[in-house]
């Protein structure tokens, strides 16, 4: 993607944002390349929804620092941000928020975010519901967050596992696979 971007004619690059390229670098774990791509964005393309998307990429850069301050800033900014009005951009915003919550390890904040995600009919957002509930073991009898969620369907757990595997979240994959296997195990009557 980066190589193709460099081959783009100058006039086309004048109106390119580099936001997608920065997000791809972040997804690949290359924060330095993401910072460079982010800083090379067109000055012409910094208004409206693009500016709001730029804000999401900016806090994703903060998240990628891995510092407690970076995670806190990312979560605070994204939780206070209104939807962007574009499905893909809003999914990216939610993905970054959920990823930051998982990295930070704050189950109370996760429960708050679940309050906005749970009613969504969007299948992709429901995968983030599975990530948060399984990671923080929110369905456990030992956890008291005064909310009873319906059981996570096996299909949703399997899809959440595939998505976590694609993102290299090995520990999350382990927890999701444990949950799937507990559902898939036949119950023996004695």
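Only the coordinates and a few stated rules stand behind these numbers; no lab work does. Just so it is clear, the structure is predicted and the values come from calculations on it, not from any experiment. Glycine also receives a Cβ, built like all others from the backbone with ideal geometry; neighbour counts cover every protein chain displayed.
Subtracting the Cα-Cα distance of residue 124 and residue 156 from their residue separation scaled by 0.36 nm leaves 10.6 nm. Modelled spin labels at residue 65 and residue 139, positioned 7 Å past Cα toward Cβ, are 3.6 nm from each other. Fewest-first ordering of 96, 35, 180 by other beta carbons within 10 Å of each residue's beta carbon gives 35, 180, 96. Taking packing as the residue-averaged number of other Cβ atoms within 10 angstrom, the listed peptides 166-172, 130-136 run from highest to lowest as 130-136, 166-172. What FRET efficiency, computed as 1/(1 + (r/R0)^6) with R0 = 41 Å and r the Cβ-Cβ distance, is obtained for residue 49 and residue 171, rounded to the nearest 0.05? Computed FRET efficiency for residue 49 and residue 171: 0.75.
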